[in-house]
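The values are calculated or read from the model by the stated rules, or taken from the named source; none is laboratory data. Source: prediction; values computed, not measured. Reconstructed Cβ throughout: ideal geometry from the backbone, glycine too, with neighbour counts over all protein chains shown. These area figures cover heavy atoms from the full protein model, side chains too; ligands, DNA and RNA do not enter into them. Shrake-Rupley method; radii C 1.70, N 1.55, O 1.52, S 1.80 Å.
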Amino acid sequence: MVILAQDCLQANAWICGEYLSTRREEILAALVQHVDLTLRAVVIGLLVAIPLALLARRFRRLETGILSATSLIYTIPALAMFSILLPFTGLTTQTTVTGLVLYSLTILVRNIITGLAGVPEDVREAARGMGYGAARMLVQVDFPLALPTVVAGLRIATVSTIALATIGAIVGNGGLGKLMYEGLTTEFHAQVLTATVLVVLLAVVADLLLIGLQRALMPWRRAVGSS
Amino acid sequence: MNALVEVLAWLIDPANWTGPEGIVLRIAEHLVLTVVSMVAAGAIAVPLALWLGHVGRGGALAINISNVGRAIPTFAVLILLAIGPLGIGVTSTVVALVLFAIPPLLTNAYVGMREVDRDLIEAARGMGMTGPQILRQVELPVALPLIMTGIRLATVQVIATATLAAVVGGGGLGRIITAGFARQDQAMVVGGAVIVALLAIAAEIALGSAQKRIKLFRIATRVG
């Protein structure tokens, strides 16, 4: 059995248990960096997207500008995006995170605007009548009612961020993408396939966690059903 | 700021634009790759979506393929193809480009077909139109705006993937960036990246306005 397992590394097999056990620490480190890059990008993306969406709602004339700017950013290929950021942030994780944040804005800003626009005007009117100020209205009325659309955007943004983060390997920090990039030069089948499977699994797990979060945050929707 | 001046100097140096590895040739390579892949992907995805939409089957597949496509990293697929049986080269690049162009084409064309008003189809049937006639003269024209959206999204996706393909030995504009990395020439890396970004944005804007023009043309013909 041991000889067989050793053989899979030598034979450059696509699926190799020996690879998993001998390189466990390297794989784990790449996975941890991938999660770190994704979390930072999505959290910062959300923190940037919320004020942008509020600006777009407050000043209607800005809405088209903000939406088309973010969607033009989205068309920039990732290899180019990370390369353009190099002179500013160098070969640090900041380069990858900044690129990922810029990509996440497209989806997040659009969904927050849509979510806020869907808040029924009579509900806001009622809250205003009850003496709600602007800040309280935002936190207690607008955000909770916009939440389903925002979480839907968050799910899309997170899944695509996890996939895009791999390209960060080209500028030195790509989490599991590093294993893919190295595996390309060494033609290491098991390494590339393992990293790919882990990235897809990570995306699935993140998506499921966000669905769970949505249910926890919105208990009133559970009773109605999961539609 | 010095770095940006160097990038600008690289961009305006005519020597970088000509020759067998010049920007002009790389842009041409990039456009050929994009057009070839889009034609191939369109030939596969659009008829399939039109047929699925016409008979009203396979909706789950047509819609979910886009979600699955988003979760699968382009980078991983390119590398898997390159170190796999297809090997490094044009074939694996085009296969990857086609694979990633299919989901947006399929999903949008399918949704476009399904969103055609059922009453409209009933009326056409009542007038004695056959299935193929309904497809060509009723469903297709109504679904056209969404089919165009799919083409726009797929083209932008292909331009991005073609850039990345340079990392695994494909041609195109990404080559300038990877060559810059290999020579540790930051001005070349960033200069190449700027050109790629501008090309992608130009394609998006051009296709967006083409889409609008089709819409206007359709409205004009309907009125006239």
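At-a-glance table
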item: Unmet requirement for residue B:141, which otherwise passes all of (1) in contact (Cβ under 8 Å) with a residue 40 or more places away in the chain; (2) more than 7 Å from chain A (Cβ to nearest Cβ); (3) buried (at least 16 other Cβ atoms within 10 Å of the Cβ); (4) within 24 Å of residue B:45 (Cβ to Cβ); result: (3)
item: Residue check, residue B:149 crowded, with 20+ Cβ neighbours inside 10 Å and either of a type in the set (A, V, I, L, M, F, W, C) or within 12 Å of chain A (Cβ to nearest Cβ) (or both); result: no
item: Among the residues listed as B:26, B:70, the single one being within 14 Å of chain A (Cβ to nearest Cβ), open to solvent by 30 Å² or more (accessible area, probe 1.4 Å) and part of a helix (DSSP H, G or I); result: B:70
item: Condition broken by residue B:62, with the remaining ones in (1) free of Cβ contacts under 8 Å to residues at least 60 places away in the same chain; (2) within 24 Å of residue B:203 (Cα to Cα); (3) buried (at least 18 other Cβ atoms within 10 Å of the Cβ) satisfied; result: (2)
item: Check on residue A:127, open to solvent by less than 40 Å² (accessible area, probe 1.4 Å), more than 14 Å from chain B (Cβ to nearest Cβ) and out of contact with any Phe, Trp or Tyr (no Cβ under 9 Å at 6 or more places or on another chain); result: yes
item: Residue tally, condition hydrophobic (A, V, I, L, M, F, W, C) and under 21 Å from residue A:167 (Cα atoms), over the stretch A:7-35; result: 7
item: Leading residue by the ranking (surrounded by the fewest Cβ atoms within 10 Å (Cβ to Cβ)) among those in the stretch B:170-190 that are more than 9 Å from chain A (Cβ to nearest Cβ) and not aliphatic (A, V, I, L, M); result: B:184
item: Selected residue (criterion: farthest from residue B:42 (Cα to Cα)) from residues of the stretch B:86-127 that are open to solvent by 50 Å² or more (accessible area, probe 1.4 Å) and part of a loop (DSSP other than H, G, I, E, B); result: B:127
item: Hits in the stretch B:1-23 - residues which are within 14 Å of chain A (Cβ to nearest Cβ) and open to solvent by 90 Å² or more (accessible area, probe 1.4 Å); result: B:1, B:2, B:5, B:6, B:8
item: Per-region count, the stretch A:75-97, residues over 12 Å from residue B:193 (Cα atoms) and open to solvent by less than 30 Å² (accessible area, probe 1.4 Å); result: 5
item: Scope the stretch A:178-197; condition free of Cβ contacts under 8 Å to residues at least 60 places away in the same chain and within 8 Å of another protein chain (Cβ to nearest Cβ); matching residues; result: A:180, A:181, A:183, A:184, A:192, A:196
item: Within the stretch A:202-213, tally of residues that are exposed (fewer than 14 other Cβ atoms within 10 Å of the Cβ) and either facing another protein chain (nearest Cβ under 10 Å) or touching an Asp or Glu at 6+ places or on another chain (Cβ under 9 Å) (or both); result: 1
item: Helices (runs of 4 or more DSSP H) fully within the stretch A:1-100 counting 2 or more residues that are under 27 Å from the mean Cα position of the chain (by Cα); result: A:24-58, A:60-75, A:78-89
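Condition check ((1) within 14 Å of chain B (Cβ to nearest Cβ); (2) open to solvent by less than 60 Å² (accessible area, probe 1.4 Å); (3) in contact with a Phe, Trp or Tyr (Cβ under 8 Å, 6 or more places away or on another chain); (4) within 10 Å of residue A:105 (Cα to Cα)) across all residues:
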| site | (1), (2), (3), (4) |
| --- | --- |
| A:38 | yes, yes, no, no |
| A:43 | no, no, no, no |
| A:49 | no, yes, no, yes |
| A:52 | no, yes, no, yes |
| A:56 | no, yes, no, no |
| A:60 | no, no, no, no |
| A:64 | yes, no, no, no |
| A:68 | yes, yes, no, no |
| A:73 | yes, yes, yes, yes |
